[in-house]
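Each remark here refers to the structure printed beneath this line.
Coordinate-derived values only; no laboratory data. In this text the structure is predicted, and so the values were computed from the model without any measurement. Neighbour counts are summed over all protein chains in view; Cβ atoms, including those assigned to glycine, are modelled from backbone coordinates with ideal geometry.
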Amino acid sequence: MVLRNKRLLMVANMIPKCECMADIGTDHALLPIYLVLNGKCNRAIASDVKIGPLQSAEKNIKRHHLSDKIETRLGSGFEVLKTGECQVSVLAGMGGILISRLIEDSFDIAKETPYLVLQPNTEEASLRKYLFDNGFEILDENAVMDRGHCYLVILCRHVPGLVSEYDEIDLIVGKVLNKKDTEGRVVYYQELRQKADKVLRKLEKVKNRTEEIEKRIVEYKKVVRWIDENVEGI
């Protein structure tokens, strides 16, 4: 099986080899099918909160003759898992705030999972803040452009007692991503700068600026300046 979706392929490449992985919010189960067929994991759990996507997942699993390798479960977030059941859990294709909430709702299970692979569609900074504030270490980050949108992928793990120091820029640009020398890094910062420029143009047109708007203008200008000073080729 070939993954033609660049976003899912980036997620798959970020996943450490393991005995069992969980794809939370699996949709069509393309990711666990790919991982099992390519020997990245021996077993997988594919879960979704909606019955429709789960039925589609079951059809795809049967079509690839993997019913003995991939189990489907109906439910929200980590509540479908037992503590220590999987070595890797994936939450992909949802907002960063929702990912944070799903981790928080079943924190005892999430923190005992050796690795989490997270792919937020939005609110990357909010997700990074949640991870830093709750003892998670970000091990790797990368990004890919797929169908006109740039997607971030995060590999992290919980470390008991870990205290992370960060500032607002770290949350927005990603300390780990900045250390990489990849095409994804450049693509991510290109899109981030475009978004910052767009927001700045709107905010600077506001005539009666509140203190909050002035604060946001300062923050976005810091982001633009940081990218200009630290990223070549933009």
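Observations, loosely collected:
- Reachable lysines from residue 221, criterion Cα separation under 24 angstrom, eight or more residues apart if same chain: 129, 175, 179, 180, 195, 198, 202, 205, 207
- Order of 220, 166 under a 10 Å beta carbon neighbour criterion, fewest first: 166, 220
- By other beta-carbon atoms within 10 Å, ranking 205, 222 with the fewest at the front produces 205, 222.
- For the chain, a simple Cβ point-charge model (Lys and Arg +1, Asp and Glu -1, everything else neutral) yields a dipole of about 840 debye relative to the Cα centre.
- Cα centroids of the stretch 45-114 and the stretch 126-144: 20 Å apart.
- A Förster radius of 25 Å, combined with the Cβ-Cβ distance separating residue 9 from residue 101, puts the computed FRET efficiency at roughly 0.40.
- In the chain, the sites counted are GluC sites (Glu not before Pro) in DSSP loop states with at most 14 other Cβ atoms within 10 Å, and the longest stretch holding none of them, exclusive of the sites, is 1-164.
- For the stretch 6-163, the spread of Cα positions along each principal axis, largest first, Å: 45, 38, 28
- Sites listed here are trypsin sites (Lys or Arg not before Pro) in the stretch 9-77 whose DSSP assignment is loop and whose Cβ has at most 13 other Cβ atoms within 10 Å: 17, 50.
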